[in-house]
Amino acid sequence: MASSTTVVTSIELSSLPKLARGKVRDLYQIDDQTLLFVTTDRISAYDVIMANGVPLKGAILTQISAHWFGVLSARIPGLKTHFLTLSPPAALTPAEQDLVRTRSMQVRKLKVFPVEAIVRGYITGSAWTEYQKSGTVHGLAQPAGLQQCSPFPQPIYTPSTKAELGSHDENISPAQAAEIVGPRYAARIEALALQVYTAGAAYARERGIIIADTKFEFGLDEETDDIVLIDEVLTPDSSRFWPADQYQVGRDQDSFDKQYLRNWLTAEGLKYKDDVEMPAHIAEATSARYKDAFKLLTGNTIEEALAAL
């Protein structure tokens, strides 16, 4: 098996056809109904992939998503997810199985809705910037008097476009999202996104983490017409995780996610720049934050989780 300290930013599997390469994941086809998600240690910020990776990141994202699929399925009756198993497919060679064992999952092949289903429980990031200018978030009017990192009275659904690799997601209104996915599914996606966020945020808060916001992706099971939770879920890549014991309204928060990298890029004037190489201390500090989030949410260190595989 590849060393857990090896940083893997590129993976090639000759035994399966590759369907796509994303910012972080590579997608392979196992058969007509099944896909293999392989998560590298690549990291992106402001929709740009860094030139180097983050130690253990691919394993953390894979294992934490698998954990969440189990938690959410238990807490939300009837929830459908695309997750099948963490076991590598038999079609891979033994060497390939070792390469992807800690960082891959088999999932159901579904029709993907082309929107990012973002849910915000707290006002921060681009939402705070917009609110300061216009009192709105994604064009939706918000109560007066909110402070930086205040909770919204209720979590809000603020979708975005799902950009192609190399492009940037664009914030849109729920009405615009409905134009993209169609009215038949828009309200169901919104309701399910809010339900999943609420369940996940409650679970995380019990374990010392505030999930300020997150983005989900959903697919359609065309045989059953079910809307299915897909991709990664409630990871440090797709969410803002704040330590609950340090939370204070009116300021930026410390975080367990890639905000640390975003802050460094902004301070160095490297926001939106291509081919940026992180200094070792930034990559290691980001990895440490992901590890901390994993331990709080699962009760185990990532090293303990991988040893049990």
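The values are calculated or read from the model by the stated rules, or taken from the named source; none is laboratory data. Keep in mind the model is a prediction, meaning the values are calculated, not measured. Counting neighbours? That spans all protein chains shown, and the Cβs are built from the backbone with ideal geometry, glycine included. SASA here: full protein model, heavy atoms, side chains in, ligands and nucleic acids out. Shrake-Rupley method; radii C 1.70, N 1.55, O 1.52, S 1.80 Å.
Give me the pairs, please: first residue somewhere in region 16-33 and more than 18 Å from GLN97 (Cβ to Cβ) and assigned to a loop (DSSP other than H, G, I, E, B), second residue anywhere and open to solvent by less than 40 Å² (accessible area, probe 1.4 Å) and modelled with pLDDT under 95, beta-carbon distance under 6 Å, and either six or more positions apart or on two chains.
From region 16-33, the pairs are LYS23/SER44.
Test ALA117 against the stated conditions and say whether it is among the small types (Gly, Ala, Ser), farther than 14 Å from ALA212 by Cβ and assigned to a strand (DSSP E or B).
Yes, satisfied.
Which is open to solvent by 20 Å² or more (accessible area, probe 1.4 Å) and more than 25 Å from THR6 (Cα to Cα), of LEU72, LEU79?
Criteria check complete, one pass: LEU79.
Among residues belonging to region 259-286 that are crowded, with 22+ Cβ neighbours inside 10 Å and modelled with pLDDT of 90 or more, point out the one that is nearest to MET50 (Cα to Cα).
LEU261
Residue by residue, here is whether (1) within 21 Å of GLY70 (Cβ to Cβ); (2) touching a residue at least 40 places away in the same chain (Cβ under 8 Å); (3) not in a loop (DSSP other than H, G, I, E, B) holds:
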position: ILE211; (1), (2), (3): yes, yes, yes
position: VAL228; (1), (2), (3): yes, yes, yes
position: LEU234; (1), (2), (3): yes, yes, no
position: GLN253; (1), (2), (3): no, yes, no
position: TRP264; (1), (2), (3): no, no, yes
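Between ALA20, ALA51, ALA45, ALA66, which is small (Gly, Ala, Ser), closer than 18 Å to THR286 by Cβ and within 18 Å of the chain's Cα centre (by Cα)?
ALA45
Is it true that ALA74 is of a type in the set (Gly, Ala, Ser), touching a residue at least 40 places away in the same chain (Cβ under 8 Å) and outside any strand (DSSP E or B)?
no
Among the numbered criteria (1) in contact with a helix residue (DSSP H, G or I) (Cβ under 7 Å, 6 or more places away or on another chain); (2) surrounded by fewer than 17 Cβ atoms within 10 Å (Cβ to Cβ); (3) under 30 Å from ARG289 (Cβ atoms), which single criterion is violated by ARG240?
(2)
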